[in-house]
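J.: Take this structure, written in structure tokens, and hold onto it; I'll ask about it next.
Rule-based calculations on the coordinates, nothing more; no lab input. In this text, all values refer to a predicted model and were calculated from it rather than measured experimentally. Note that each Cβ is placed from the backbone with ideal geometry, even for glycine, and that neighbours are counted across all protein chains shown.
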Amino acid sequence: MKMKLFKSLSLAAALGLLASCAKLPENEIRIGEFGSMTGLTSTFGTATHEGIQLAVDEVNAAGGINGKLVKLVSEDDRGKPEEAATVVEKLITRDHVHALLGEVASSNSLAAAPIAQRHKIPMISPSSTNPKVTAQGDYIFRVCFIDPFQGKVMAKFASETLHAKTAAILRDKSSDYSVGLADVFAREFSGMGGKILIDQAYQSKDVDFKSQLTTIRQKKPDVLFVPGYYSEVGLIAKQARDGGLQAPLLGGDGWESPELYAIGGKAIEGSYFSNHCAPDAKIKQVMDFAEKHRAKYKKEPGALTVLGYDAAGVLFDAIRHAPSLKGPDLRAAIAATKDYQGVSGAISLDADRNAVKSAVVLKVHHGRAEFVATVNP
Ligand code: PHE
């Protein structure tokens, strides 16, 4: 019995070894995608995947890149940093991907980036905005703006457009994104002459925010800045209104999800957030993309889908120009990205491997996000 088990185990090990030694197909480009396909931020991963898949289908339908077809390997990290690190290690060592696309949430990108860097496999985040992400190393890129800009946009909007003199902050202390964005908002709003009356915290997965909201209501702020992700923000909006706090809520791109309106309902109406692009913008490339997206998925695309598509587009463009698929060659080609015409705007990567792009301010109205303003860097 024991012998038999041992035998089958060693057979499995031998087969595994054989498989990993087997020659990898040379005529394919392997792209690893990692994201939260399930969990508390599941719409981040699934929406991004729609954009990436669309880009892969298009490029393959056109014959691939330099004669090679693109093979997409997608992994679910369930929105957890530890899982992001595990699946990225797997994508590199088991699947031998040439490049990585992901993640959305900054904490997950931060957990994965050092692994990509160590293996010299380029990683492009479509939408992580915390500055530390690309600072992990020269193989780490992003195709979106960063939070020092986004936080300033919302501080300026609060101060100049809403004429807010005072603000309260309710931050997710378990999220690098939320903490970074809250700090920028506080600094910028104060610099513009505003006053931060109170700065409260919660943690991802919390469902009861009543005690923080009671403390905040007593301070009577003109606006409440909540730089969190949609699941908690929806609940916070509800509990704020139930508790009699009427000030508009302000937030960042982490609000982006159809679930925000499903969870927040009436309570989130009249609030504002910054984002990467406006779904209702009358911009030709956005309208063309929406049409393609509608044909494939029978629904409207959001900003995350657009950024997933653009991240893949930037990568494909670099692959087209790189002398080989080797990490250092790909890295150099991505770093040279200049004026790539994305759906979310023109993308040029700066010396810190970040894109410099404009932001939009959106207002929640009738259960969707309406375009209010574009802010240039
Ligand atoms: N910018 C967020 C982060 O870094 C992620 C995000 C981007 C969420 C765009 C929604 C839309 O954590």
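J.: Among the listed pairs LYS80/LYS132; LYS156/LYS220; LYS80/LYS299; LYS266/LYS363; LYS120/LYS357, which have their C-alpha atoms separated by more than 24 angstrom in this model?
T.: LYS80/LYS299; LYS120/LYS357
J.: Non-local amide H neighbours of PHE225 (under 5 Å, H modeled in plane, Pro and chain starts lacking H): which ones?
T.: So PHE225 has HN proximity to ALA168, ILE169, LEU170, LEU250.
J.: Using only DSSP helix segments of four residues or longer, with each worth -39500 (n - 2.57), what per-residue ellipticity at 222 nm results for the chain after dividing by its residue count and rounding to 500?
T.: Counting only the DSSP helices, I get -14000 deg cm²/dmol.
J.: So what's the angle, to the nearest 10 degrees on a 0 to 90 scale, between helix 2-21 and the longest Cα principal axis of the chain?
T.: 80
J.: Still on this structure, please answer the following. Simple spin-label model, 7 Å along Cα-to-Cβ: ALA332 to ALA135 in nm?
T.: For the pair ALA332/ALA135, the computed spacing is 2.8 nm.
J.: Of all DSSP beta bridges located in the chain, what percent are antiparallel, nearest 5?
T.: 35
J.: Now, a different point. Which is farthest toward the positive dipole end of region 204-357 among ALA335, LEU260, ILE216, measuring Cα position about the Cα centre, with Cβ charges +1 (Lys, Arg) and -1 (Asp, Glu)?
T.: LEU260
J.: Which whole-number percent is the relative contact order of region 21-151 (Cα, under 8 Å, 6+ apart)?
T.: Relative contact order, region 21-151: 23 percent.
J.: For helix 176-191, what angle does its Cα long axis make with the longest principal axis of the chain, in degrees from 0 to 90 and rounded to 10?
T.: 40
J.: Okay, moving on. Taking 8 Å as the Cα distance limit and 6 or more residues as the minimum spacing, I'd like the relative contact order of region 123-222 as a percentage.
T.: Reported as a whole number, the value is 26 percent.
J.: What ranking do 240-248, 104-112, 226-234, 257-265 get when scored by the average of other Cβ atoms within 10 Å per residue, highest first?
T.: 104-112, 226-234, 257-265, 240-248
J.: Taking only Cα atoms and a 10 Å spring cutoff, compute GNM fluctuations for the chain and point out the largest among VAL306, VAL364, VAL153.
T.: Of VAL306, VAL364, VAL153, the Gaussian network model singles out VAL364 as fluctuating most.
J.: With springs only between Cα atoms under 10 Å apart, run a GNM on the chain and tell me which of TYR340, TYR177, TYR272 wobbles the most.
T.: The residue with the greatest mean-square fluctuation here is TYR340.
J.: Find the centroid of the Cα atoms in region 175-204 and in region 205-273, then give the distance between the two in whole Å.
T.: 15
J.: For SER74, what residues show an amide H to amide H distance below 5 Å, using hydrogens built from the backbone and excluding near sequence neighbours?
T.: Correct list: GLU33.
J.: Would you give the gap between the C-alpha center of region 312-348 and the C-alpha center of region 118-158, rounded to a whole Å?
T.: 17
J.: I need to check one value: relative contact order of the chain, counting alpha carbon pairs closer than 8 Å and at least 6 residues apart, in percent.
T.: Computed over the chain, the figure is 16 percent.
J.: If you count, for each residue, the other Cβ atoms within 10 Å and average over each peptide, how do 87-96, 190-199, 157-166 line up from highest to lowest?
T.: In descending order of packing, they fall as 87-96, 157-166, 190-199.
J.: Let me ask something additional. Between LEU69 and residues 5 or more places away or on another chain, which pairs have amide H atoms under 5 Å apart, with H built 1.01 Å from N, and which residues are they?
T.: So LEU69 has HN proximity to ILE29.
J.: Using R₀ = 35 Å, calculate the FRET efficiency as 1/(1 + (r/R₀)^6) where r is the Cβ-Cβ separation of GLN341 and ASP280; round to 0.05.
T.: 0.95
J.: Taking the mean number of other Cβ atoms within 10 Å as a proxy for protection, how do you rank 319-331, 47-59 from highest to lowest?
T.: Put in order of decreasing packing, that is 47-59, 319-331.
J.: Pick from ALA62, ALA332, ALA290: which residue has the top mean-square fluctuation in a GNM of the chain where Cα pairs under 10 Å get a spring?
T.: Top of the fluctuation ranking is ALA62.
J.: Which FRET efficiency, nearest 0.05, do SER190 and LYS23 yield, Cβ-Cβ r, R0 56 Å?
T.: That gives a FRET efficiency of 0.40.
J.: Here's a follow-up. List, in order, the whole-Hz ³J(HN,Hα) value for each residue of region 348-353 obtained from phi through the Karplus relation with A = 6.51, B = -1.76, C = 1.60 and θ = phi - 60°; use x for Gly and Pro.
T.: Residue by residue, region 348-353 yields 10, 9, 8, 4, 8, 6 Hz.
J.: Could you tell me which of rounded, prolate or oblate describes region 168-265, using a ≥ b ≥ c as the square roots of the eigenvalues of the alpha-carbon gyration tensor, with rounded for a/c under 1.5 and, failing that, prolate when a/b is larger than b/c and oblate otherwise?
T.: The shape class here is oblate.
J.: Please give the FRET efficiency for LYS363 paired with LYS120, using the beta carbon to beta carbon distance and R0 = 56 Å, rounded to the nearest 0.05.
T.: 0.80
J.: Continuing with the same structure: Expressed as an acute angle from 0 to 90° and rounded to the nearest 10, what is the orientation of the C-alpha long axis of helix 81-93 relative to the principal long axis of the chain?
T.: That helix lies at roughly 20 degrees to the long axis.
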